[in-house]
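Have a look at the structure below before the remarks.
The values are calculated or read from the model by the stated rules, or taken from the named source; none is laboratory data. On a predicted model such as this, the values are computed, not experimentally measured, just so you know. With ideal geometry, Cβ positions are generated from the backbone for all residues, glycine too; neighbour counts draw on all protein chains shown. Please note that ligands, DNA and RNA were not included when accessible areas were found on the heavy atoms of the full protein model with its side chains. Shrake-Rupley method; radii C 1.70, N 1.55, O 1.52, S 1.80 Å.
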Amino acid sequence: MSSFYVTTPIYYVNAAPHLGHAYTTIAADVLARHHRQRGDSVFFLTGTDEHGEPVADAAHALGISAQELADRNSERFRALAPKIGASNDFFIRTTDERHMAVVREVLFKVYENCFVYKGTYEGWYCPKCADFKAENEIDEGDRCPIHHIPLTREQEDNYFFALSRFQEPLERLYAERKDFVAPRTRYNEALSFIRSGLRDVPLTRHKLSWGVPVPWDSEHVFYVWFDALLNYYSALSFAHAPTLAGGTVDAGVRDAGKGDLLDTFWPPNVHLIAKDILRFHAVYWPALLMAAEIELPKRLFVHGYLLMEGEKMSKSLGNVLDPFEVIERFGSDALRFYLLRDVSFGQDGSVSTASFEQRYESELANEYGNLASRTLAMIGRYRDGALVEGAPDQLLVADFDGMVERVCELVDKVQLTAALDEIWGAVRRLNRYVEEQAPWQLAKDPSRAGDLDCALRTLAEGLRVVSVLLHPFMPASTERLLDALGARDTSLGAARFGAETIDRVQPLEPLFPKIETAGPAMA
Ligand code: MSP
């Protein structure tokens, strides 16, 4: 059995979750569910990043303690996961003592390995990014290029991480592992940052108390990014009793004891991130792991931004679309489908209520939902819900050839939109098949009873196959449909004609009701 470990960034708790966070978690969930379908032992991690200046500042502005704010908002992120159908195996919080202990342990090792020294930092700092900016990254008027706020000039006695000593090892890593960062544009971006010359970076903060205390100097806390990055490693050392939100517990995970999780799942197969945090993951993170003598992750996949009116959605900019609202009206599957279908995964893309409604109506309600309703209704009407055993129509079977392999290949490259396209091609093929066969005509001619049986059987089988393949994308609705088809097996092996026999089907309420009946359209 292979193992598969996928992570999302851990989200800042200085504000509430929004659609951008949901996006990464949904994509990671599709990967996790797909790998479970393959029979892999899967570990899917998400969580919250709770230390650092942005959180301390936000709590201060609200007049509450940082811990109170962290508790409150972390809970909202935890609640988001099951709402969007995410089957994460664990939810990590960086204020968890067990995480903090691992941070101290690993960074002490880095210190002992002589990659840490004391110095004075002077530079431009953005409190919202919790990041120091290089001179060439600063917007006019000494402003943050992301948040457009004035940067502060900071001077601080810090411990430094000797990042510059990893210049060569990182260049070697990028030369040897061309798939370390994908897509290629992001690989190039990270490599050119490395080639431009790495400078040492602050490892600790002196004036801040909201963080993990530095074991060798209690006046300092670790810079939040080093604390945060280590969540990917620390979680496996204590998440031995995983909780699964809304899914079946993965046997490999359930059986693994404490400590075994690191043995089984380290290094991560995919860290999913957006491009805003590329440098931390593509440069700092591998350097830190090298300094601590820990094996490097296999790959980072960097997706683009969801844009609303052309600007990245973010809590600091205030232009947020509430995922809870969308889900309440249309269900989590509709949101999952829309985000992965409408925005080519890996690229930036605009999202809007208009394009959501258009996809919902034309693809979910009509192409998939209606195909399901029609097929089940015809089997009910013409055959009383029963299917006669026999071979499916070879014409259609041939059109499905190689689809599972192509989907696997695309998912392996984290090309989720392309994988969904491939499956959607089969949904459309099935709709054409209905028109070609016109079962309502066949039903009028008793001499064509055999052809009608074959057409109905082929449609039911085709629906079952596409639903198994769509299951990682739309777990709730595909399960409802598979249930109505009397199909049990959602493993990838079942995504072939004849893998499971359907003998009787049940009627089904529309999977995706038309918008008029689903409630008012999104404002
Ligand atoms: N806490 C850090 C990450 C530490 S990971 C060791 C952080 N948190 S964040 O709350 O700002 O989340 C950033 C991530 O949220 C992005 O990398 C991306 O995964 C997701 N997104 C936030 N806004 C997004 C969009 N508008 N579009 C796409 N992804 C979005 O950075």
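Could you list, in sequence order, all residues of segment 143-158 that are closer than 26 Å to Arg195 by Cβ and touching a strand residue (DSSP E or B) at 6+ places or on another chain (Cβ under 7 Å)? Write out each step before concluding.
First, the residues of segment 143-158 that are closer than 26 Å to Arg195 by Cβ: 144-146, 151, 158.
Cys144, Pro145, Leu151, Asn158 - these are the residues of segment 143-158 that are closer than 26 Å to Arg195 by Cβ and touching a strand residue (DSSP E or B) at 6+ places or on another chain (Cβ under 7 Å).
I'd like to know if segment 443-460 contains one or more residues that are buried (at least 19 other Cβ atoms within 10 Å of the Cβ), closer than 25 Å to Phe337 by Cα and under 28 Å from the mean Cα position of the chain (by Cα). Scanning segment 443-460 turns up no residue that is buried (at least 19 other Cβ atoms within 10 Å of the Cβ), closer than 25 Å to Phe337 by Cα and under 28 Å from the mean Cα position of the chain (by Cα). Glu389 satisfies every condition listed in (1) assigned by TED's automatic domain parsing to the domain that holds Leu463; (2) modelled with pLDDT of 95 or more except (2). A search for C-beta distances below 8 Å between a residue of segment 351-367 that is more than 13 Å from Arg341 (Cα to Cα) and any residue that is charged (D, E, K, R) and modelled with pLDDT of 90 or more, counting only pairs 6+ apart in sequence or on different chains, returns Glu367/Arg428.
Among the residues of segment 416-426, are any in contact with a Leu (Cβ under 9 Å, 6 or more places away or on another chain), open to solvent by 10 Å² or more (accessible area, probe 1.4 Å), under 23 Å from Asn269 (Cα atoms) and not aliphatic (A, V, I, L, M)? Scanning segment 416-426 turns up at least one residue that is in contact with a Leu (Cβ under 9 Å, 6 or more places away or on another chain), open to solvent by 10 Å² or more (accessible area, probe 1.4 Å), under 23 Å from Asn269 (Cα atoms) and not aliphatic (A, V, I, L, M).
Could you look through segment 276-312, keep only residues that are of a type in the set (D, E, K, R) and under 24 Å from Ser355 (Cα atoms), and pick out the one that is most open to solvent (accessible area, probe 1.4 Å)? Among them, the one singled out is Glu309. Out of everything in segment 13-35 that is crowded, with 24+ Cβ neighbours inside 10 Å and more than 15 Å from the chain's Cα centre (by Cα), what residue ends up being modelled with the highest pLDDT? By that ranking, first place goes to Val13.
Select the helices (runs of 4 or more DSSP H) contained entirely in segment 1-95, then report the ones holding at least 1 residues which are more than 10 Å from the ligand (Cβ to nearest atom) and farther than 25 Å from Phe265 by Cα.
Qualifying helices (runs of 4 or more DSSP H): 53-62, 66-83.
Within the bounds of segment 94-114, is there any residue that is more than 30 Å from Val326 (Cβ to Cβ), open to solvent by less than 20 Å² (accessible area, probe 1.4 Å), more than 29 Å from the chain's Cα centre (by Cα) and modelled with pLDDT of 95 or more? Yes: one or more hits.
Selection of helices (runs of 4 or more DSSP H) fully inside segment 282-353 by the criterion of at least 1 residues being within 14 Å of the ligand (Cβ to nearest atom), over 18 Å from the mean Cα position of the chain (by Cα) and at pLDDT 95 or above returns 285-291. Reported count of residues in segment 387-414, each being under 20 Å from Ile502 (Cβ atoms), charged (D, E, K, R) and touching a residue at least 40 places away in the same chain (Cβ under 8 Å), is 2. Pairing each residue of segment 280-308 that is closer than 15 Å to Asp227 by Cβ with any residue that is open to solvent by 10 Å² or more (accessible area, probe 1.4 Å) and within 11 Å of the ligand (Cβ to nearest atom), provided the two are 6+ apart or on different chains, yields C-beta distances under 6 Å for Phe280/Trp225. Of all the listed residues (Asp276, Asp250), the sole one being modelled with pLDDT under 95 and within 16 Å of the ligand (Cβ to nearest atom) is Asp276.
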